[in-house]
1. Can you confirm whether the range 190-198 contains a residue that is under 18 Å from Ala145 (Cα atoms), touching a Gly at 6+ places or on another chain (Cβ under 6 Å) and either at pLDDT 80 or above or among the small types (Gly, Ala, Ser) (or both)?
2. Return yes or no: is Ala43 modelled with pLDDT of 95 or more, farther than 22 Å from Asp239 by Cβ and touching a Gly at 6+ places or on another chain (Cβ under 7 Å)?
3. Can you tell me which residues in the range 105-125 are at pLDDT below 95, farther than 14 Å from Val205 by Cβ and not hydroxyl-bearing (Ser, Thr, Tyr)?
4. Which one of these is touching an Asp or Glu at 6+ places or on another chain (Cβ under 9 Å) and at pLDDT 90 or above: Leu215, Leu236, Leu203?
5. Report, by residue number, each residue of the range 42-65 that is of a type in the set (A, V, I, L, M) and buried (at least 17 other Cβ atoms within 10 Å of the Cβ).
6. Determine whether Arg253 is without any contact (Cβ under 8 Å) to a residue 12 or more places away in the chain, within 19 Å of the chain's Cα centre (by Cα) and more than 26 Å from Asn14 (Cβ to Cβ).
7. Restricting attention to the range 220-272, report how many residues are over 30 Å from Thr54 (Cβ atoms), in contact with a Lys or Arg (Cβ under 8 Å, 6 or more places away or on another chain) and not in a helix (DSSP H, G or I).
8. Looking at Asp47, Asp99, Asp106 in this structure, which one is more than 28 Å from Arg147 (Cβ to Cβ) and not polar (S, T, N, Q)?
Amino acid sequence: MPAPRHRLAVHYINLDSSTERRAGMEAHLAALALPWPVQRFAALRGDGSQARITQSELGCLRSHQAVLQMAATDCHTLVLEDDARLPRQVALHLQALLDQAGDQFDMLFLGGGVEYSYVEDVRALLQLKRAMHTADGTQLRLLPAVRWYRSGTYAYLVHPRAVGRIAAAMHQAQSQGAPEPVDTLYQRLIRRGEVSAAVVFPLLVEQQIDYPSTLSDRNTQPEADRYRAIANLFALEADTNALVRWVLEQAARDGFDADAFVASQLIQQKFMAR
């Protein structure tokens, strides 16, 4: 492909102990042949300091802070976690997004959690997803993060003007006892107007569903799996058949619930009613 119009530095976060995830991520990125430099960041763990979040959440916060502290101030920074899966034409999509966004935003979230218990949000996203599919493909949109960013730090772009400011906010949070995980901190900064941000829709980046969460001391693996699955439903290259198979596997494991099936179908019909 021709030389990219925009400069990027790509960093992916990976624990030294997660060798399988590292191998998978490196193979994935190599297959994409990104036209920008890619650097692995050895993820930090919690340092044992007193915090109101778990030590694995503290390690996640420290890792994202460290990546932004070392980020270049003359180009955008793409931060990835090692379960991120990018689409085939990601380089073209990123350049188009930066053309579109210009200098409007400090952060662009390329993926993120969808709160499936917020049924009106799910309905709105389903309708938007279907409305955007045309014979010529899907045009990415930028949705206001103050409304649509819920959680997730597995893929986001940071403007060079903002890396230092966001890293400083994370440092300050740690000095105050780390009261919240990194994605909740981002959400707070956005809602206070301290960070301007948008969510790319459809989500440009998916998550690998079958990886166990590295936030091991949360003990919420089933919930993490469900968040990944529902977010992947709204990805640009969503493999709906794979998601259906995954849901059926969960039903086979946990036992098929006829009441839940009927209720879900009725809710879906209500979602799509115009």
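The values are calculated or read from the model by the stated rules, or taken from the named source; none is laboratory data. Predicted model only: the values in this text are computed from it and were never measured. Every residue, glycine among them, receives a Cβ derived from its backbone with ideal geometry; neighbour counts consider all protein chains shown.
1. Taking the range 190-198 and keeping what is under 18 Å from Ala145 (Cα atoms), we get 190-198.
Restricting the remaining residues to those that are touching a Gly at 6+ places or on another chain (Cβ under 6 Å) gives none.
So far as the range 190-198 goes, no, none of its residues is under 18 Å from Ala145 (Cα atoms), touching a Gly at 6+ places or on another chain (Cβ under 6 Å) and either at pLDDT 80 or above or among the small types (Gly, Ala, Ser) (or both).
2. On the way: modelled with pLDDT of 95 or more: yes; farther than 22 Å from Asp239 by Cβ: yes; touching a Gly at 6+ places or on another chain (Cβ under 7 Å): yes.
Yes, satisfied.
3. Glu115, Val119, Glu120, Asp121, Val122, Arg123, Ala124, Leu125
4. Numbers: Leu215 fails: at pLDDT 90 or above; Leu203 fails: touching an Asp or Glu at 6+ places or on another chain (Cβ under 9 Å).
Being touching an Asp or Glu at 6+ places or on another chain (Cβ under 9 Å) and at pLDDT 90 or above holds for just one of Leu215, Leu236, Leu203, which is Leu236.
5. Taking the range 42-65 and keeping what is of a type in the set (A, V, I, L, M), we get 42-44, 51, 53, 58, 61.
Of everything in the range 42-65, those that are of a type in the set (A, V, I, L, M) and buried (at least 17 other Cβ atoms within 10 Å of the Cβ) turn out to be Ala43, Leu44, Ala51, Ile53, Leu58, Leu61.
6. On the way: without any contact (Cβ under 8 Å) to a residue 12 or more places away in the chain: yes; within 19 Å of the chain's Cα centre (by Cα): no; more than 26 Å from Asn14 (Cβ to Cβ): yes.
So Arg253 does not fit the description; no.
7. 1
8. None of the other options fit; the residue is Asp47.
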